[in-house]
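To keep things clear, I will list the structure first and then write my remarks on it.
The values are calculated or read from the model by the stated rules, or taken from the named source; none is laboratory data. Since the model is a prediction, treat every value here as computed from it, not as a measurement. Reconstructed Cβ throughout: ideal geometry from the backbone, glycine too, with neighbour counts over all protein chains shown.
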Amino acid sequence: MVKSLHKAGIEVIIDVVYNHTAEGNQFGPTLSFRGIDNASYYRLAEDKRYYMDYTGTGNTLNTRMPYVLQLIMDSLRYWIQEMHVDGFRFDLAATLARELHEVNRLGAFFDIIHQDPVISRVKLIAEPWDIGEDGYQVGKFPVGWAEWNGLYRDCIRDYWRGAESRLAEFAKRITGSADLYKNDYRSPGASINFITAHDGFTLQDLVSFNEKHNEANGENNKDGDTNNHSCNYGVEGPTKDLEILEIRKRQKKNLLTTLLLSQGVPMLLSGDELGNSQFGNNNAYCQDNEISWIKWSEKDETLMAFVRQLIWFRKSHPAFSRRRWFQEQPIRGIGVEDIAWFTPDGGEMKDEQWNEGYAKSLGLYLNGLGLRCLDEKGRKLTDKDFYLLFNAHDQELEFTLPPEKFGNKWLKVLDTATDNELLSEPTPVLTPTDKYKVQARSIVLFQGEHISPESHPPDTLPELSKP
């Protein structure tokens, strides 16, 4: 299977769970390590009858022990050398980094990974938290690791549901989270951006429920996260209200567009591209039925086509997947910054404006000549210029396009309020200081045309069936 996926140009990264076993707590069954050497394989409390539980499963594997680390390393090498996988996502990776108690980024687990000539060469992705004290370690893993960026998830959810005082962080998150990774000599690719994952609401449920509905799990709805950063827009769960349905549809497009056009590595939950719902259950691990199944017969063909085009557009434009951090300085020979931020009136953002609680809208300019890296053939990598307008207000806003130095012609590629697909032939719309009305809760994407065409890749979108 792995070889077949490789032939199709698809890498294989597997999810590995080395932090706990199925033996549970002191009341659990004796299946493997408990019956071999319980006191060595597991972290035990001061009273050795009980387990330290940093994982929420009843037990925690003791990665301080040499032969436990050897077991993990042998397993990882097998997957790489025999099964040819391209990397790993480590479940509750903060647990693996705990020494006596605290999470230690200089601990034995990281040392042995980094010095291994096989394991250190593949992709390493951390779920950078566990449920123990100081277990939330987003941005704190060492060089060589990428991380599930939980701060990205929460911020993007909050921004689009209209939370106040999120604008400054929103800007950080969609540009790669330099505040988390740049000072550790990591690239924007260290940020694994996501809106939803296997834990928590699906995208459809994120815009349909204010509260979790886990009654079917048999734990009196006490399981699962209660802080979902979600919004139902007027009705809890399914509705026939056309106005609410339109808002939900637009918000799904906004969240997906933000994800696919953010710097970093986007992660898309299977089923989100077709509008799959778990009926408000945000912890469906124990369900093997219509709650957790992907309902293929109910797929949203229009949404699927939209996601397909977003993915293609991102892959076609390196401006949205930079390998280096923004410098926010004028590019030599051009005199225009690699990135610039604007208020709706077309003026550049001032420091004090980022922290205005009511601010929920902004313009983002990306300079296609500011990528500062080479392509696969050793040529300077360039792209078109882009201008994005974000409006998370519940009211329409009029935006003014930026001054001429940033571009003398802007072509609309997408408006999430009106378009169900990216325009295959971008429409000439605006020139500097022209105005464009951005509808409530929507994104508008413009492409610049002031740079010579030969400097850029073609813009023809793939042949797709019309929704």
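Observations, loosely collected:
- Per-region count, the range 2-41, residues out of contact with any Leu (no Cβ under 7 Å at 6 or more places or on another chain), of a type in the set (A, V, I, L, M) and assigned to a loop (DSSP other than H, G, I, E, B): 4
- Filtered residues of the range 68-94 (kept if aromatic (Phe, Trp, Tyr) and out of contact with any helix residue (DSSP H, G or I) (no Cβ under 9 Å at 6 or more places or on another chain)): Tyr78, Trp79
- Boolean, Ser424 is farther than 26 Å from Glu169 by Cα and of a type in the set (S, T, N, Q): yes
- Residues that are of a type in the set (Val, Ile, Thr) and more than 26 Å from Leu92 (Cβ to Cβ) do occur in the range 174-181.
- Test: residue in the range 356-365 that is free of Cβ contacts under 8 Å to residues at least 60 places away in the same chain and either over 26 Å from the mean Cα position of the chain (by Cα) or farther than 17 Å from Ala392 by Cα (or both): yes
- Members of the range 273-311 that are in a loop (DSSP other than H, G, I, E, B), in contact with a helix residue (DSSP H, G or I) (Cβ under 9 Å, 6 or more places away or on another chain) and of a type in the set (A, V, I, L, M, F, W, C): Phe279, Ile291, Ile294
- Residue in the range 163-177 that is surrounded by 15 or more Cβ atoms within 10 Å (Cβ to Cβ), assigned by TED's automatic domain parsing to the domain that holds Tyr41, more than 30 Å from Gly357 (Cα to Cα) and in contact (Cβ under 8 Å) with a residue 60 or more places away in the chain present: no
- Here the helices (runs of 4 or more DSSP H) wholly within the range 85-194 that include at least 2 residues being of a type in the set (Phe, Trp, Tyr) and within 24 Å of Trp341 (Cβ to Cβ) are 150-160.
- Gly378 meets each of the listed conditions (1) closer than 25 Å to Glu246 by Cα; (2) without any contact (Cβ under 8 Å) to a residue 12 or more places away in the chain; (3) not charged (D, E, K, R) apart from (1).
Results for (1) at pLDDT 95 or above; (2) within 17 Å of Trp79 (Cβ to Cβ); (3) charged (D, E, K, R), shown as yes or no for each residue.
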residue: Gly107; (1), (2), (3): no, no, no
residue: Ile112; (1), (2), (3): no, yes, no
residue: Gln115; (1), (2), (3): no, no, no
residue: Lys123; (1), (2), (3): yes, yes, yes
residue: Glu127; (1), (2), (3): yes, no, yes
residue: Ile131; (1), (2), (3): no, no, no
residue: Asp134; (1), (2), (3): no, no, yes
residue: Pro142; (1), (2), (3): no, no, no
residue: Glu147; (1), (2), (3): yes, no, yes
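- Within the range 293-307, if we keep just the residues that are of a type outside the set (A, V, I, L, M) and surrounded by 17 or more Cβ atoms within 10 Å (Cβ to Cβ), the residue that is nearest to the chain's Cα centre (by Cα) turns out to be Phe306.
- Among the residues of the range 413-440, the ones that are under 23 Å from Met304 (Cβ atoms) and assigned to a strand (DSSP E or B) come to 3 in all.
Results for (1) touching a strand residue (DSSP E or B) at 6+ places or on another chain (Cβ under 6 Å); (2) surrounded by 16 or more Cβ atoms within 10 Å (Cβ to Cβ); (3) aliphatic (A, V, I, L, M); (4) not assigned by TED's automatic domain parsing to the domain that holds Glu246, shown as yes or no for each residue.
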| site | (1), (2), (3), (4) |
| --- | --- |
| Leu414 | yes, yes, yes, yes |
| Asn420 | no, no, no, yes |
| Thr427 | yes, no, no, yes |
| Lys435 | yes, no, no, yes |
| Arg441 | no, yes, no, yes |
| Leu445 | yes, yes, yes, yes |
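- Subset of the range 343-355 [part of a helix (DSSP H, G or I) and touching a residue at least 12 places away in the same chain (Cβ under 8 Å)]: Trp354, Asn355
- Selection status of Lys380, charged (D, E, K, R) and over 21 Å from the mean Cα position of the chain (by Cα): yes
- Just one of (1) acidic (Asp, Glu); (2) under 30 Å from Ile244 (Cα atoms); (3) at pLDDT 95 or above fails for Asp385. It is (2).
- Residue list for the range 46-61, filter: part of a loop (DSSP other than H, G, I, E, B) and under 30 Å from the mean Cα position of the chain (by Cα): Asp53, Tyr54, Thr55, Gly56, Thr57, Gly58, Asn59, Thr60
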